[in-house]
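Asker: Could you have a look at this structure, given as structure tokens, before my questions?
The numbers here are math on the coordinates, done by the rules we state, and not lab data. A quick note: this is a predicted structure, and the numbers were derived from the prediction, not measured. So basically every Cβ, Gly included, is an ideal-geometry build from the backbone, and we count neighbours across all protein chains shown.
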Amino acid sequence: MVTLMTISKNTSRNSPDPKPLRFGIISDIHAAGTPGTPAWAQMETDLDKCLEFWKRENVTTVIQLGDLIDGPPEIAGLQYHAVSSLLGRFDGELWHVIGNHCLDLSLPKLLDTVGLHSPHYSFLLQHIRFIVLHAMDITVSSTPENPDDEQRLTLFHNEPWAQPYTGALGQKQLHWLTEELNRAHPLGEEVIICSHLPLLRETTDQRHGILWNHEEVSRLLMTYPNITACLGGHYHPGAAFHTGGIGFVTFPSFANRHIPPSVSCGIIELENGFVTIRDQYQRIIHRLPRGGTT
């Protein structure tokens, strides 16, 4: 199993920010059908409005939190290439998180389409390290590689909120995550975690489900005082909860943009002691204490 690293929670960020960090956010586009249909045309129009919003706000980086497509598998490739091309109109960096619906396309083809070498990875944005997790590492169709992952697979039957369309992080990925966190802390890097699946029950519901080994993962994350937030999607209404010095956020789905709270995309800003999340109308939908400040 993964060994937890004990770090004093009194540790805080090294110095005030040189400038606020701002980046775009979107989740659960769920591109349905195929290009040329009325539903696709409406999706494209609304997605263009998000691109225009980010351009108007001088956003140069966007994180897409998973479930780009709606499937089914026989048209997943067409959907993924088409919606990726739409997002490719964004004139800046675009980082992808893999969702459960994304896996209607095979993982190798999926990674090739979005230009990734691995479904989990990290990158730096200004002085902050973003760690992107592959929440569907272990699924109902997985063959566990070790005894620890066999135990994690049993969570599908033992965790009441585990659903067949959610999954778990496996041992290799958890080892990688721990190494990333152990490198970031002594370097004074602030960390943001990105996972398509929610990591706390307070940010989802039983029908949508949760990362099967959410308790194991959240317990690991809460030992690191330099983690500011965990960003995810999957739970379409969206939610936020602050605990253990970390803001856990599920961003509302683009697919539900015509349903209150009517959010299609947004901007996240980190400045001083807060994480502020605004939608496409500049309405503040969440304002959470920033990691290391509580």
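Asker: For the stretch 130-175, which positions are aliphatic (A, V, I, L, M) and more than 19 Å from the chain's Cα centre (by Cα)? Can you show your working first?
Answerer: At the first step, the residues of the stretch 130-175 found to be aliphatic (A, V, I, L, M) are 131-133, 135-136, 138, 140, 153, 155, 162, 168-169, 174.
Passing the criteria: VAL140, LEU153, LEU155.
Asker: How many residues are in a loop (DSSP other than H, G, I, E, B) and either touching a strand residue (DSSP E or B) at 6+ places or on another chain (Cβ under 9 Å) or not β-branched (Val, Ile, Thr) (or both) if we restrict to the stretch 116-165?
Answerer: 25
Asker: Let me ask something else. Of everything in the stretch 73-94, what is surrounded by fewer than 19 Cβ atoms within 10 Å (Cβ to Cβ) and not in a helix (DSSP H, G or I)? Give them in sequence order.
Answerer: GLY88, ARG89, ASP91, GLY92, GLU93, LEU94
Asker: Right, next: Pairs, please: C-beta under 6 Å, at least 6 apart or cross-chain, first residue touching a residue at least 40 places away in the same chain (Cβ under 8 Å) and in the stretch 233-245, second charged (D, E, K, R) and surrounded by fewer than 18 Cβ atoms within 10 Å (Cβ to Cβ)?
Answerer: Final answer for the pair search is PHE241/GLU202.
Asker: If only one of SER141, SER118 is under 21 Å from VAL191 (Cα atoms) and surrounded by fewer than 14 Cβ atoms within 10 Å (Cβ to Cβ), which one is it? Walk me through how you get there before you give the answer.
Answerer: Numbers: SER141 fails: under 21 Å from VAL191 (Cα atoms).
None of the others qualify; the one that does is SER118.
Asker: Here is a further query. Looking at the stretch 245-265 only, could you name the residues that are on the phi > 0 side of the Ramachandran plot and buried (at least 18 other Cβ atoms within 10 Å of the Cβ)?
Answerer: GLY245
Asker: Looking at SER106, SER85, SER122 in this structure, which one is of a type in the set (Ser, Thr, Tyr) and within 17 Å of the chain's Cα centre (by Cα)?
Answerer: SER122
Asker: A further question follows. Restricting to the stretch 64-82, name every residue that is within 18 Å of the chain's Cα centre (by Cα) and among the charged types (D, E, K, R).
Answerer: ASP67, ASP70, listed by residue number.
Asker: Which members of the stretch 160-186 meet the condition of being buried (at least 17 other Cβ atoms within 10 Å of the Cβ) and touching a Gly at 6+ places or on another chain (Cβ under 9 Å)?
Answerer: TRP161, ALA162, GLN163, THR166
Asker: So, in the stretch 31-59, exactly how many residues are over 21 Å from LEU78 (Cβ atoms) and polar (S, T, N, Q)?
Answerer: Final tally of qualifying residues: 1.
Asker: Looking only at residues in the stretch 52-101 that are polar (S, T, N, Q) and in contact with a strand residue (DSSP E or B) (Cβ under 7 Å, 6 or more places away or on another chain), which one is nearest to PRO35 (Cα to Cα)?
Answerer: Residue satisfying both the conditions and the ranking: GLN79.
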